[in-house]
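Asks: I have a structure here, written as structure tokens, and I will follow up with some questions on it.
Every number in this text was worked out from the coordinates using simple rules, so none of it is lab data. Only a predicted model underlies this, so the values are computations on that prediction, with no experimental measurement involved. As a convention, Cβ positions derive from the backbone with ideal geometry for all residues, glycine included, and neighbour counts pool all protein chains shown.
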Ligand SMILES: C[S@@+](CC[C@H](N)C(=O)[O-])C[C@H]1O[C@@H](n2cnc3c(N)ncnc32)[C@H](O)[C@@H]1O
């Protein structure tokens, strides 16, 4: 018997996207919201929603211009914004392909958005408004697009405060940094060199027609993103998906066999696994979120890195009384919670979820965590501070503060701020944004470190 897969109706996709957008505007992450989308709709809803997150300022500015007054409810507003983001797509197809832009026929979008409005009691009585508003946009597209193009948030696809912060921190590079978020990141893998060499995996990929190039010590960047199950070696644990910027951690941590290591903010376990791939370690793994910690367990099992040398605890790293037995660590990885401003090309909802006031709150939390963790570092031991942020308050300013305030700390060489910048205008940045600072606790005098 053959089974044919029927593509979902665009009206269902648009309606589900409107629900996801409404959730994000209410402060929920897109990843969480997408989990509630029915399986058969998830792939197209994810693709359209990611695009909408990148183009949100455009959709919102257009809906403001087209409606005489505020939309009657959030769901309707979200449906209009989703449809307007799709209708505003420019006609340069080549550019669109590179940017993974979902392209639909304009009149189909209008008809399907009206059908989507019919699906819910909150939107059904406004289907005439949806129709009028979207048709008005199509009639006046050029002048409306011109009217909003002058707004900085439309030009860059970020909230104003974010543009201001990046511009202030990086007066030479701010445009390249903001532009890099418009294009989805490449699919980069980290080879589990305990299972297979990078050369052997690269060869195997070539035999399967999968084009890739090498990056860093153990990375392979795929020319085309693919579902993980279609790439040889996933179930065998031969590789993990991990951005090249995150893979740098493995090149900085001074790991060697026999070390007692703490990964304090570990989930989903990308860097935990990387360290375990590099050396035989006694590894304590913490995360405050037990649901996320379960992902570390799954990942380590798939990569065949689990065992009695790995100890997982769901606990607050800052509260030593919850989890620490008093035995110090040779190395602590503090990949602390942050604004995640360096990874917005992969999680474009982040730029709308964060508020400017989060910067100081997050920086304070980071200090509290690191100051507690410093007590667990053995004399002569190391602490690697990491964030996936671009904002100096979580990066260089934080590292300077820690250097001054941590007892017996010396700062060692580390890359500092890594910026997501395309090598040429319009091309994909090779890695996300990260910050790395490495500290060592001075050995007790008289003992060699
Ligand atoms: C940037 S992510 C870590 C990414 C991870 N190191 C990796 O490479 O896959 C930060 C993690 O810190 C966790 N977290 C936040 N606050 C924490 C706390 N007080 N104690 C321990 N973990 C915390 C979050 O649940 C989140 O999983």
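Asks: I need to check one value: relative contact order of segment 10-157, counting alpha carbon pairs closer than 8 Å and at least 6 residues apart, in percent.
Replies: Contact order relative to length: 29 percent.
Asks: Gain in length, residue 141 to residue 111, computed as 0.36 nm per residue apart minus the alpha-carbon separation, to one decimal in nm?
Replies: Gain in length upon complete extension: 9.1 nm.
Asks: May I ask for the angle, rounded to the nearest 10°, between helix 358-374 and the longest principal axis of the chain, with both axes built from Cα atoms and the value confined to 0 to 90°?
Replies: For 358-374 against the chain, the angle is about 20 degrees.
Asks: If you stretched the chain out fully between residue 203 and residue 256, how much longer would it get, using 0.36 nm times the residue separation minus the C-alpha to C-alpha distance?
Replies: Contour length minus Cα-Cα distance gives 16.2 nm.
Asks: Of 192, 131, 73, which is the most mobile in a GNM of the chain whose springs link Cα atoms less than 10 angstrom apart?
Replies: Among 192, 131, 73, the largest GNM mean-square fluctuation belongs to 73.
Asks: Shifting gears a bit: Please work out the FRET efficiency for the pair residue 445 and residue 365, using the Cβ-Cβ distance as r and a Förster radius of 25 Å; give the result to the nearest 0.05.
Replies: The formula returns an efficiency of 0.15 here.
Asks: Sticking with this structure for a sec: Run the numbers on the chain and let me know its relative contact order in percent, using alpha-carbon pairs under 8 Å that are six or more apart.
Replies: 13
Asks: Right, here's the next one. Sorted by mean Cβ packing within 10 Å, highest first, what order do the peptides 412-424, 377-389 take?
Replies: 377-389, 412-424
Asks: Right, something else. What distance in nm separates the two pseudo spin-label positions at residue 122 and residue 396, each 7 Å out from Cα along the beta-carbon direction?
Replies: Result: 4.5 nm between the two label points.
Asks: Of 319, 287, 12, which has the largest mean-square fluctuation in a 10 Å C-alpha GNM of the chain?
Replies: 319
Asks: If you take every DSSP beta bridge whose two residues both sit in segment 299-449, what share of them, in percent to the nearest 5, is antiparallel?
Replies: Percentage antiparallel, nearest 5: 70.
Asks: Separation of segment 255-275 and segment 301-326 by C-alpha centroid, Å?
Replies: 10
Asks: Another question about this same structure. Given points 7 Å out from each Cα along the Cα-Cβ axis, report the residue 213 to residue 160 separation in nanometres with one decimal.
Replies: 4.1
Asks: Starting from the Cα of residue 36, step 7 Å toward the Cβ, then list every residue of segment 106-138 with an amide N under 20 Å from that point.
Replies: Within reach of a label on residue 36, which here means backbone N under 20 Å from a point 7 Å along Cα→Cβ, segment 106-138 contributes 116-124.
Asks: To check you understand DSSP bridge types, tell me what percent of the beta bridges within the chain (both residues inside) are antiparallel, rounded to 5.
Replies: 55
Asks: Also, I was wondering about something else. Could you give the length gained on full extension between residue 309 and residue 355, defined as 0.36 nm per residue of separation minus the Cα-Cα distance, in nm?
Replies: That works out to 12.5 nm of additional length.
Asks: I need the calculated FRET efficiency for the pair residue 295 and residue 47, taking r as the beta carbon distance and R₀ as 30 Å, to the nearest 0.05.
Replies: Once rounded, the FRET efficiency stands at 0.80.
Asks: For 105, 330, 68, what ranking results if the residue with the fewest other Cβ atoms within 10 Å of its Cβ goes first?
Replies: If I rank by nearby Cβ atoms, fewest first, I get 68, 105, 330.
Asks: Could you tell me how many degrees, from 0 to 90 and to the nearest 10, lie between the Cα long axis of helix 39-66 and the main elongation axis, the longest principal axis, of the Cα atoms of the chain?
Replies: Between helix and principal axis, roughly 70 degrees.
Asks: If you fit an axis through the alpha-carbon atoms of helix 10-25 and take the longest principal axis of the Cα set of the chain, what angle between them do you get, 0 to 90°, nearest 10?
Replies: The angle comes out near 50 degrees.
Asks: Using r as the Cβ-Cβ distance of residue 282 and residue 423, and R0 as 45 Å, what FRET efficiency do you calculate, to the nearest 0.05?
Replies: The pair residue 282/residue 423 has a calculated efficiency of 0.65.
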